[in-house]
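Inspection log for the structure reproduced underneath, given as structure tokens.
The values are calculated or read from the model by the stated rules, or taken from the named source; none is laboratory data. Computed from a predicted structure; not experimentally measured. Because the Cβ atoms are built from the backbone with ideal geometry, glycine has one as well, and the counts that use them run over all protein chains shown. The accessibility values were calculated without ligands, DNA or RNA, using every heavy atom of the protein model including side chains. Shrake-Rupley method; radii C 1.70, N 1.55, O 1.52, S 1.80 Å.
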Amino acid sequence: MLKIKGNYFILETNHTSMLIKGDGRAEYLYYGERVPDFSGAEWLSPEVYWDGAVHPLSLFLQAGRGEAREPSVSVRFADGSYATDFRFVRARIVPRPVLEGLPSAYGEAKSLKLEFLDEPSRLKLCLYYTAFADSDAITVCATLTNGGKKPVSVLSFASLHLEVWGNDFSFTTFDGAWASERRRHTRPLECGKCENASYIGSSSAFHNPFVLLGRKGDVYGVNLIYSGNHREFAESDATRRTRLVTGINPYQFDWELAPGETFFAPEAVMVYGKTDEEVSERMHEFVSRHIVRGKWKDRERPVLVNNWEGTYFNFTREKILNIARKAAEAGAELFVLDDGWFGKRDSDTCSLGDWTDYAEKTGGLESLADEVRAMGLKFGIWIEPEMISEDSELYRKHPEYAMKIARRDPQRMRHQLMLNLVDPQVQGYVFRAVSRVITMCKAAYVKWDYNRYMTDCFDRNTRGGEYFHRYMLGLYSVISRLVERFPNVLFESCAGGGSRFDLGMLCFMPQTWTSDNTDARERTVIQSGTAYAYPQSTMGAHVSASPNEQTGNSNSLQTRFNVACGGVLGYESDLTKADDAELDEIRAQIAFYKKYRSVLQFGVYHRLGDALNGEWSGFITVARDGSKAVSVIAVPEKRTGEFNLRVKFAGLDENALYSVKYRRADGSFVPVCQAHGAMLNRGSFALQNLFSETDVRSCSNPLYTRLFVFEKVSARKKRS
Ligand code: DGJ
């Protein structure tokens, strides 16, 4: 709900309210839990100091107005000057803007548009606030329009500048590296600035764009709908204000805005909640309803088997068909042929760009796919379209397609270079190549990989300061055309695991490969960190071989499944090596997953315990009608001699009576009790026999897990 009442502008969602005032300048007066009205709003304004100065909660900061902090919008004019004086002009309720070339949220028709003008230069700044009532999210789209006669250089332009009263906040970020993504870090914000940013061209595994600003009782979560270099920072100071800023990273950013042109910053989203959990729940709703789109948005995602960790590059047609046969026997629904099927690709040193069948190896991709389909499976394929190997036909024919700088030896990563997607010709090549592959093997699923950082950025027709962002625009243009052309294909985005797990990619591809680290112990941390911002249906999670390829830890098949069922389930070991007993166990797991898939993928998710620092951790995901729930609890070590490890659940229907049971490896269940949701949400329950019942034979560094199922028996009778 959006309202304009004189100089006051109100945004309301189901549980939150925001009040902005526009009168010469514009300022936030309130953002928090929903209030019935804004009586007393005058009293929310900032103090006026003895010298007449005021320090409001700003919607942006600009250069040249005596501001002591870094501006969130900064430009250089043709005369070399930097100062701007954007003044508030007016507010209107308008149709939501279309962000040229950028992914954005959908599902609301109107925005509150606030216009600001720098009169001397005729540079116009507009902020469009949209309230997504059902998910308690507010987004901001920011634009800069050059109404003057000379070009203007945009040096930085944040998408969102949120400011709140108080300097007692902490700043939480989700950081890591390859195979160790999105580990939560929280630090108190004392005086000064704390940054979270990417400098490598993609949103990165190093610092995810999702951040939290929190204190007891108030938490603000912010994310950016973008997949390139981003920067968030939080800053507190002696004026008792704290600000949270997100947008394109100003690093190597210098965008020329010609007269009449508009620059669109990526859309940013903010969510308020009283706790981290509330923010996560609202973010999940926002992502599920207003980011993920297309045929697969609410559809149950197939259980897949992928050959990567089972074979790496070393496979034959026979091997692939044998794995697929086992996959079909176990009840999987989709087989994915990973890296190694094209060009002359027997290792990672060659062939990227040659998206033609390596027929000597596959025995003919088209017929291979047909044979897989004849087994009752869908066929999916891996591709890494943004890359080029120097040892490839494509490079020999079109060396100019590669991202490199003349007379400089380019930086190679995993032996590969990137394609210069800024160039429309290269975009056309990638679009055609991917289309051909999908059509050739009638792929039902595509895993879109991206295995390096961006370096050696150069395009002869592009200003250096525009390269990073123009790359993203090129990428989004290709992907949006592909998604439109193949609306039935399920796309999963991947970047050496989870290095591009962001809202930009999720606008096109409904799921993301969470991490190349498939170790159950590590995954509890990675998945729990990821789930702060992203729902289960977006997280690819696979059962792989034990000992684990990345960590050497070994865990029972049951434990590996218990952890993987917290996302979109898949298997990626060589299933031909599984004996009959293991195959039976996998069959039972898949049958269980299918039965509870709607709640495992689309239920309301609650984080339990603390995966990073706790004695135990886990999740519970509850059906939207409260009828059932699945919870997995993971205990990182057996503490011999210690008793009474207790767990707490959440989110169950308070008035419903549930039967609770836990699952054994063979698929049978052990009844635990019948209890009301109210009790289950509040009590501390024993993990009876967890250590003695977990199969740790020949395991090293095992994780102890238990999967509980809750089923509603009846609703509590209301007292008359
Ligand atoms: C990185 C991905 O994350 C893996 O799953 C696999 O597809 C490899 N690339 C293939 O090169």
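Looking at the structure I just gave you, is Glu190 open to solvent by less than 10 Å² (accessible area, probe 1.4 Å) and acidic (Asp, Glu)? I'd like the intermediate steps shown before the answer.
Working: open to solvent by less than 10 Å² (accessible area, probe 1.4 Å): no; acidic (Asp, Glu): yes.
Considered against the rule, which asks whether it is open to solvent by less than 10 Å² (accessible area, probe 1.4 Å) and acidic (Asp, Glu), Glu190 comes out as no.
Scan the strands (runs of 3 or more DSSP E) fully inside region 605-720 and keep the ones with 3 or more residues being of a type in the set (Phe, Trp, Tyr) and touching a residue at least 60 places away in the same chain (Cβ under 8 Å). Outline the logic, then answer.
Numbers: elements: 617-622, 628-635, 656-663, 669-676, 704-715.
Where strands (runs of 3 or more DSSP E) fall fully within region 605-720 and carry at least 3 residues being of a type in the set (Phe, Trp, Tyr) and touching a residue at least 60 places away in the same chain (Cβ under 8 Å), they are 704-715.
With the structure loaded, tell me whether Lys378 is farther than 21 Å from Ile200 by Cα, in contact with a Pro (Cβ under 7 Å, 6 or more places away or on another chain) and open to solvent by 10 Å² or more (accessible area, probe 1.4 Å) or whether it fails that test.
Working: farther than 21 Å from Ile200 by Cα: yes; in contact with a Pro (Cβ under 7 Å, 6 or more places away or on another chain): yes; open to solvent by 10 Å² or more (accessible area, probe 1.4 Å): yes.
Against the criterion (farther than 21 Å from Ile200 by Cα, in contact with a Pro (Cβ under 7 Å, 6 or more places away or on another chain) and open to solvent by 10 Å² or more (accessible area, probe 1.4 Å)), Lys378 qualifies.
Restricting attention to region 442-482, report how many residues are assigned to a helix (DSSP H, G or I) and either in contact with an Asp or Glu (Cβ under 6 Å, 6 or more places away or on another chain) or on the phi > 0 side of the Ramachandran plot (or both).
We begin by selecting, within region 442-482, every residue assigned to a helix (DSSP H, G or I); these are 464-482.
Restricting the remaining residues to those that are either in contact with an Asp or Glu (Cβ under 6 Å, 6 or more places away or on another chain) or on the phi > 0 side of the Ramachandran plot (or both) gives 465.
Qualifying residue count, region 442-482: 1.
Checking the structure you have, find out if any residue of region 282-290 is outside any helix (DSSP H, G or I) and touching an Asp or Glu at 6+ places or on another chain (Cβ under 8 Å).
No, because not a single residue in region 282-290 is outside any helix (DSSP H, G or I) and touching an Asp or Glu at 6+ places or on another chain (Cβ under 8 Å).
Tell me yes or no: at least one residue of region 392-404 is in contact with a Ser or Thr (Cβ under 7 Å, 6 or more places away or on another chain) and surrounded by 15 or more Cβ atoms within 10 Å (Cβ to Cβ). Spell out the reasoning first.
Pass one, region 392-404, residues in contact with a Ser or Thr (Cβ under 7 Å, 6 or more places away or on another chain): 392, 395.
In the following step, the residues that additionally are surrounded by 15 or more Cβ atoms within 10 Å (Cβ to Cβ) were identified as 392, 395.
Yes; the residues of region 392-404 include at least one that is in contact with a Ser or Thr (Cβ under 7 Å, 6 or more places away or on another chain) and surrounded by 15 or more Cβ atoms within 10 Å (Cβ to Cβ).
Kindly indicate whether Thr246 is β-branched (Val, Ile, Thr), closer than 25 Å to Glu195 by Cα, surrounded by fewer than 18 Cβ atoms within 10 Å (Cβ to Cβ) and away from the ligand (no atom under 16 Å from the Cβ). Talk me through it step by step, then tell me what you get.
On the way: β-branched (Val, Ile, Thr): yes; closer than 25 Å to Glu195 by Cα: yes; surrounded by fewer than 18 Cβ atoms within 10 Å (Cβ to Cβ): no; away from the ligand (no atom under 16 Å from the Cβ): yes.
For Thr246, the condition - β-branched (Val, Ile, Thr), closer than 25 Å to Glu195 by Cα, surrounded by fewer than 18 Cβ atoms within 10 Å (Cβ to Cβ) and away from the ligand (no atom under 16 Å from the Cβ) - is not met.
Looking for whichever is β-branched (Val, Ile, Thr) and within 16 Å of the ligand (Cβ to nearest atom) here; the options are Val483, Val437. Which one fits? Before you say what the answer is, go through the steps one by one.
Numbers: Val483 fails: within 16 Å of the ligand (Cβ to nearest atom).
Unique residue meeting the criteria: Val437.
Restricting attention to region 150-178, which residues are in a loop (DSSP other than H, G, I, E, B) and open to solvent by 10 Å² or more (accessible area, probe 1.4 Å)? Lay out the reasoning, then the answer.
Initial filter on region 150-178 (in a loop (DSSP other than H, G, I, E, B)): 150-151, 166-169, 176-178.
Passing the criteria: Lys150, Pro151, Gly166, Asn167, Asp168, Gly176, Ala177, Trp178.
Test of understanding: among Glu309, Glu333, Glu318, which residue is in contact (Cβ under 8 Å) with a residue 60 or more places away in the chain and acidic (Asp, Glu)?
Residue meeting the stated conditions: Glu309.
Give Ala41, Ala91 a once-over and let me know the one that is surrounded by 14 or more Cβ atoms within 10 Å (Cβ to Cβ), under 26 Å from Gly221 (Cβ atoms) and more than 35 Å from the chain's Cα centre (by Cα).
On the way: Ala91 fails: more than 35 Å from the chain's Cα centre (by Cα).
Testing whether each residue is surrounded by 14 or more Cβ atoms within 10 Å (Cβ to Cβ), under 26 Å from Gly221 (Cβ atoms) and more than 35 Å from the chain's Cα centre (by Cα) leaves just Ala41.
Please find, within region 405-432, the residue that is nearest to the ligand (Cβ to nearest atom) out of those that are surrounded by fewer than 19 Cβ atoms within 10 Å (Cβ to Cβ) and of a type in the set (A, V, I, L, M, F, W, C). I'd like the intermediate steps shown before the answer.
From region 405-432, those surrounded by fewer than 19 Cβ atoms within 10 Å (Cβ to Cβ) are 405-415, 424-425, 428, 431-432; that's our starting set.
Subsequent filtering for residues that are of a type in the set (A, V, I, L, M, F, W, C) retains 405-406, 413, 431.
Details: Ile405: 26, Ala406: 29, Met413: 12, Phe431: 21 Å.
Applying the filter and picking the extreme gives Met413.
Residues checked against (1) within 13 Å of Ala179 (Cβ to Cβ); (2) surrounded by 24 or more Cβ atoms within 10 Å (Cβ to Cβ):
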| position | (1), (2) |
| --- | --- |
| Arg463 | no, no |
| Glu484 | no, no |
| Thr530 | no, yes |
| Ser546 | no, no |
| Gln550 | yes, no |
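Are any residues in region 507-527 buried (at least 24 other Cβ atoms within 10 Å of the Cβ), over 23 Å from Leu707 (Cα atoms) and away from the ligand (no atom under 16 Å from the Cβ), and if so, which ones?
Once the filter is applied, which keeps residues that are buried (at least 24 other Cβ atoms within 10 Å of the Cβ), over 23 Å from Leu707 (Cα atoms) and away from the ligand (no atom under 16 Å from the Cβ), region 507-527 yields Cys507, Pro510.
Results for (1) surrounded by 14 or more Cβ atoms within 10 Å (Cβ to Cβ); (2) modelled with pLDDT of 95 or more, shown as yes or no for each residue.
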| position | (1), (2) |
| --- | --- |
| Ala650 | yes, yes |
| Arg663 | yes, yes |
| Pro671 | no, yes |
| His676 | yes, yes |
| Phe691 | yes, no |
| Cys699 | yes, no |
| Phe708 | yes, yes |
| Ser720 | no, no |
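Please verify whether region 103-111 includes one or more residues that are within 29 Å of the chain's Cα centre (by Cα), free of Cβ contacts under 8 Å to residues at least 24 places away in the same chain, closer than 30 Å to Val219 by Cα and open to solvent by 10 Å² or more (accessible area, probe 1.4 Å). Reasoning before the result, please.
First, the residues of region 103-111 that are within 29 Å of the chain's Cα centre (by Cα): 103-111.
Now restrict to residues that are free of Cβ contacts under 8 Å to residues at least 24 places away in the same chain: 109.
Subsequent filtering for residues that are closer than 30 Å to Val219 by Cα retains 109.
From what's left, open to solvent by 10 Å² or more (accessible area, probe 1.4 Å): 109.
Yes, region 103-111 has at least one match.
Counting just the residues of region 272-309 that are acidic (Asp, Glu) and touching a strand residue (DSSP E or B) at 6+ places or on another chain (Cβ under 9 Å), which one comes out farthest from the ligand (Cβ to nearest atom)?
At the first step, the residues of region 272-309 found to be acidic (Asp, Glu) are 276-278, 281, 285, 298, 300, 309.
From what is left, the residues that are touching a strand residue (DSSP E or B) at 6+ places or on another chain (Cβ under 9 Å) are 276-278, 281, 285, 309.
Values: Asp276: 28, Glu277: 30, Glu278: 32, Glu281: 29, Glu285: 28, Glu309: 8 Å.
Applying the filter and picking the extreme gives Glu278.
Looking only at region 209-232, which residues are closer than 20 Å to Thr275 by Cα and surrounded by fewer than 24 Cβ atoms within 10 Å (Cβ to Cβ)? Before the answer, list the steps.
At the first step, the residues of region 209-232 found to be closer than 20 Å to Thr275 by Cα are 209-223.
Listed by number, the residues that qualify are Gly214, Arg215, Lys216, Gly217, Asp218, Val219, Tyr220.
Would you pick out the residues in region 356-370 that are closer than 15 Å to Val434 by Cβ and open to solvent by 20 Å² or more (accessible area, probe 1.4 Å)?
Within region 356-370, Thr356, Asp357 meet the criteria.
Are any of the residues in region 310-325 within 12 Å of the ligand (Cβ to nearest atom) and aliphatic (A, V, I, L, M)? First the steps, then the outcome.
Going through region 310-325, the residues within 12 Å of the ligand (Cβ to nearest atom) turn out to be 310-313.
Subsequent filtering for residues that are aliphatic (A, V, I, L, M) retains none.
No - not one qualifying residue is present in region 310-325.
Quick one: Gly540 ticks every box in (1) closer than 17 Å to Ser617 by Cβ; (2) out of contact with any Pro (no Cβ under 8 Å at 6 or more places or on another chain); (3) open to solvent by less than 20 Å² (accessible area, probe 1.4 Å); (4) not in a loop (DSSP other than H, G, I, E, B) except a single one, so which number is it?
(1)
For region 611-633, give me the residue count where each residue is modelled with pLDDT of 95 or more, in contact with a Lys or Arg (Cβ under 8 Å, 6 or more places away or on another chain) and open to solvent by 40 Å² or more (accessible area, probe 1.4 Å).
Of the residues in that region, 1 qualify.
Would region 590-599 turn up any residue that is within 16 Å of the ligand (Cβ to nearest atom) and not in a loop (DSSP other than H, G, I, E, B)? Reasoning before the result, please.
Of all residues in region 590-599, those within 16 Å of the ligand (Cβ to nearest atom) come to none.
Taking every residue of region 590-599 in turn, none turns out to be within 16 Å of the ligand (Cβ to nearest atom) and not in a loop (DSSP other than H, G, I, E, B).
For region 442-478, enumerate the residues that are in contact with a Pro (Cβ under 9 Å, 6 or more places away or on another chain), of a type in the set (A, V, I, L, M, F, W, C) and within 16 Å of the ligand (Cβ to nearest atom).
Hit for region 442-478 is Trp448, nothing else.
Considering Ala686, Ala675, Ala665, Ala715, which residue is of a type in the set (A, V, I, L, M), farther than 20 Å from Gly603 by Cβ and out of contact with any helix residue (DSSP H, G or I) (no Cβ under 6 Å at 6 or more places or on another chain)?
On the way: Ala675 fails: farther than 20 Å from Gly603 by Cβ; Ala665 fails: out of contact with any helix residue (DSSP H, G or I) (no Cβ under 6 Å at 6 or more places or on another chain); Ala715 fails: farther than 20 Å from Gly603 by Cβ.
None of the other options fit; the residue is Ala686.
Filter region 486-496 for residues that are within 16 Å of the ligand (Cβ to nearest atom) and farther than 14 Å from Ile381 by Cα; which is surrounded by the most Cβ atoms within 10 Å (Cβ to Cβ)?
The qualifying residue surrounded by the most Cβ atoms within 10 Å (Cβ to Cβ) is Ala495.
Evaluate the following for Arg373: is it surrounded by fewer than 17 Cβ atoms within 10 Å (Cβ to Cβ), over 27 Å from Glu329 (Cβ atoms), more than 16 Å from the ligand (Cβ to nearest atom) and among the basic types (Lys, Arg)? Explain how you work it out, then say what you get.
On the way: surrounded by fewer than 17 Cβ atoms within 10 Å (Cβ to Cβ): yes; over 27 Å from Glu329 (Cβ atoms): no; more than 16 Å from the ligand (Cβ to nearest atom): yes; among the basic types (Lys, Arg): yes.
Against the criterion (surrounded by fewer than 17 Cβ atoms within 10 Å (Cβ to Cβ), over 27 Å from Glu329 (Cβ atoms), more than 16 Å from the ligand (Cβ to nearest atom) and among the basic types (Lys, Arg)), Arg373 does not qualify.
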